[in-house]
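Only one structure is covered here, and it is reproduced in the block below.
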Amino acid sequence: MKNGKVPQQLIVLGAVAVVGIVAFFAIRALLIPKSFGKYGHYRADSIEEIRQLPISYAGVNACTECHEEIFKVKSSGFHRGVSCEVCHGPSANHADDPTSIKPPAPRQREGCPLCHNYNPSRPTGFPQIITIQHNPGKACMTCHNPHNPVPPVTPKECSACHRSIVAQKMVSHHSSLECTTCHQVPKEHFKTPHLNRVGKPTNNDFCGKCHANNGPQVKDMPGIPRVDMAHAGRYLCWDCHYPHSPEGRP
Ligand code: HEC
Ligand code: HEC
Ligand code: HEC
Ligand code: HEC
Ligand code: HEC
Ligand code: HEC
Ligand code: HEC
Ligand code: HEC
C-alpha cells in the first residue's frame, strides 16, 4: 500500500467478488423452486408430480391373480427370473380391463434373441444361440414353451452355453486340448448346470504336467513349450496366462 492508496487490482477483485455474491443470491432466489429442500436435497413437489403419472406396469403379483397356471409353470422353469411384463410389455391397463385390452405376446423370432443371441459379454454359462443358424424361419415357440423353455434335446456341446470360451480356445495355442482335459464335467451339468458344478484345475502342478521343463513327455504332443515352473513365483499360472487362450513369448 504505497502512499496509502489501495492497489487497483484489489479494487477490481473486490468488485468482481461483490458482483459474484450478489448474482449468487439473486439466482438462488429466482431459479430454485419453492419446494426445494422441504424433505431433503430435492424438490418436494416432484413427488406429487410423479404420483400423477399414469401407471404402466402392474407387477408380477397382479398377473398371478388371474393367470395362476402360467405363473406356476413359469416359476419352476428357466424363466423364473424373467418377469411377465419383460416379454408382454407394460400391462397395467390390461390388468384393469382384461377383456378389451390385450397385451401383445412376442411371437416373432426377434423377441427372444434380445437375451439369447450370442454376445460374449453375457455371464458364464448363459444359454446362447447364433440366431441366424438356429432353426431359421421357425418361431421360437414351435419348439420352446416361452413360459417353461427347455431345449427339446439336451445340448451335447459345451458351446451351447459357453460359446465365447469355445470360440476363443478354437483359435488359441490350446486348440488341440479338449475342455475335459482340464475340467471334470458331470453329465447332469448339461441339463441343470447350476446344480451340477464343474471341476477346475486348482494348482500349478496341473499345468506342469505338460509344461514343466523336467516333466515327462506327453503322448501325441511333441511341441509343447517347456518352462521353468518357478517363473510363476507365488502366483497361479492362470493369473498370467488365460487358460483358454494362453500366450507365451511374444
Ligand atoms: C383381472 C384378471 C387379469 C389380470 C390381473 C391379468 N390378466 Fe391377462 N388376461 C385376462 C383374461 C380374462 C384374458 C383373456 C382375454 C380373452 O381372451 O378374451 C387375458 C389374456 C392375457 C393375454 C393373452 C392375450 C392374447 O393375445 O391372447 C396375455 C399375454 C396376458 N393376459 C398377460 C397378462 C399379464 C402380463 C398380466 C399382468 C401384468 C395380466 N395378464 C393380468 C385376465 C387378467
Ligand atoms: C420369455 C417371455 C415371456 C414371459 C416371461 C412370459 N410370457 Fe406369456 N407369452 C409369451 C409368448 C411368446 C406367448 C405366445 C405363446 C404362443 O402363442 O404360443 C405368451 C402367451 C401368453 C398368454 C396367452 C395364452 C397362452 O398360454 O398362450 C398369456 C395369458 C400369458 N402369456 C401370460 C403370461 C404371464 C401371466 C406371465 C408371467 C407369469 C408371462 N406370460 C410370462 C412370452 C412370455
Ligand atoms: C429378459 C431376458 C430373456 C428373454 C427375453 C428370454 N429369455 Fe430365455 N432365458 C433367460 C434366462 C435368465 C434363462 C435362464 C438361464 C440360466 O438358467 O442360466 C433363460 C433360459 C432359456 C432356455 C433354457 C436353455 C438351457 O437349457 O439352459 C431356453 C430354451 C430359452 N430361455 C428360450 C427362450 C425363448 C424361446 C424366449 C422367447 C419366447 C426367451 N428365452 C426369452 C432370459 C430370457
Ligand atoms: C425346430 C425347433 C427349434 C426352434 C424353432 C428353435 N429352437 Fe432353440 N433349441 C432347439 C433344440 C433341439 C435345442 C437343443 C439342442 C441344440 O443346442 O441345438 C435348442 C436349444 C436352445 C437354447 C439353449 C442353448 C443351446 O444351444 O442348447 C436356446 C437359448 C434356444 N434354443 C433358444 C431359441 C430361440 C431364441 C429360438 C427362436 C429364435 C429358438 N430357440 C428356436 C430347437 C429349436
Ligand atoms: C446347458 C448349458 C451348459 C452346458 C451345455 C455346459 N455348461 Fe458349463 N456352465 C453352465 C452354467 C449356467 C454355468 C454357471 C454355473 C454357476 O455359476 O452356477 C456353468 C459353469 C461352468 C464352469 C465354471 C465352474 C465354476 O465353478 O466356475 C465350467 C468350468 C464349465 N461350466 C465347463 C463346461 C464344459 C467343459 C462343458 C462341456 C463339456 C459345459 N460346461 C457345458 C452351463 C452349461
Ligand atoms: C488348459 C486347461 C483348460 C482347458 C483346455 C479349458 N479350460 Fe476352462 N478353465 C481352466 C482354468 C485353469 C480355469 C480357471 C480360471 C480362473 O479361475 O481364472 C477355467 C475356467 C473356466 C470357466 C469359468 C471361468 C471363466 O473363465 O469363464 C469356464 C466356464 C470354462 N473354464 C469352460 C471351459 C470350456 C467350455 C472349455 C472348452 C472349450 C475349457 N474351459 C477348456 C482351464 C482350462
Ligand atoms: C507372473 C506371471 C506369470 C505366471 C504366474 C506364469 N507365467 Fe508363464 N510366462 C510369463 C511370461 C511373461 C512369459 C513370456 C516371456 C518369457 O518367456 O519369459 C511366459 C511364458 C510361458 C510359456 C511359453 C514359453 C515359450 O517358450 O513360449 C509357457 C508354456 C508358460 N509360461 C507356462 C506357465 C505355467 C505352466 C505357469 C504356472 C506354473 C506359468 N506359466 C505361470 C508369465 C507368467
Ligand atoms: C495336456 C497338455 C497341456 C496342459 C495340461 C496345459 N497345456 Fe498349455 N499348451 C499345450 C500345448 C499342446 C500347447 C501349444 C503348443 C503349440 O502351440 O504348438 C500349449 C501352449 C501353452 C502356452 C504357450 C503359448 C505360446 O505363446 O506359445 C502357454 C502359456 C500355456 N500353454 C499355458 C498353460 C497353462 C497356464 C496351463 C494350465 C492351466 C496349461 N497350459 C495346461 C498343452 C497343455
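The values are calculated or read from the model by the stated rules, or taken from the named source; none is laboratory data. Just so it is clear, the structure is predicted and the values come from calculations on it, not from any experiment. Note that each Cβ is placed from the backbone with ideal geometry, even for glycine, and that neighbours are counted across all protein chains shown. Calculation scope for accessible area: heavy atoms of the full protein, side chains included, ligands and nucleic acids excluded. Shrake-Rupley method; radii C 1.70, N 1.55, O 1.52, S 1.80 Å.
A simple count of charges around Leu195, restricted to other residues whose Cβ falls under 15 Å of its Cβ and scoring Lys, Arg +1 and Asp, Glu -1, yields +3. Taking Ala23, Ala44, Ala92 as the candidate residues, the one with maximal mean-square fluctuation in a Gaussian network model of the chain, Cα springs under 10 Å, is Ala23.
Computed from the Cβ-Cβ distance with R0 of 41 Å, the FRET efficiency linking Val227 to Val198 stands at 0.95. Placing R0 at 45 angstrom, the Cβ-Cβ distance between Asp239 and Leu10 gives a FRET efficiency of 0.15 after rounding to 0.05.
Sum up the charges of everything whose Cβ sits under 14 Å from the Cβ of Gln217, counting Lys and Arg as +1 and Asp and Glu as -1, but leave Gln217 out.
Overall, the nearby charge balance is +2.
For the chain, the longest principal axis of the C-alpha atoms and the axis of helix 8-31 are separated by about 80°.
In a shell of Cβ-Cβ distance under 11 Å around Phe36, excluding Phe36 itself, what net charge do Lys and Arg (+1) and Asp and Glu (-1) give? Surrounding charge for Phe36 is +3. Pairs over the 28 Å Cα-Cα cut-off, from the set Lys74/Lys169; Lys156/Lys200; Lys138/Lys187: Lys74/Lys169; Lys138/Lys187. Projecting the Cα atoms of Pro155, Ile47, His88 onto the charge dipole of the chain, computed from C-beta unit charges around the Cα centre, puts Ile47 farthest toward the positive end. Normalised by the number of residues in the stretch 101-184, the mean separation of alpha-carbon contacts (under 8 Å, six or more apart) gives a relative contact order of 28 percent. Between Thr181, Thr131, Thr64, the Gaussian network model of the chain with springs among Cα atoms under 10 angstrom shows the greatest mean-square fluctuation at Thr181. Hey, quick one: spin label on Cys66, modelled 7 Å out along Cα-Cβ, who in the stretch 83-112 has an amide N within reach, i.e. under 16 Å? Once the point is set 7 Å along Cα→Cβ of Cys66, 84-85, 88-105 turn out to lie under 16 Å by backbone N, inside the stretch 83-112. Principal axis extents of the Cα atoms in the chain, from largest to smallest and rounded to whole angstrom, are 95, 78, 32. Here the stretch 53-105 yields Rg over Rh of 0.96, to two decimals, using C-alpha coordinates and the Kirkwood radius. Of Ile55, Ile27, the residue with the largest accessible area leads and the full order is Ile55, Ile27 (1.4 Å probe).
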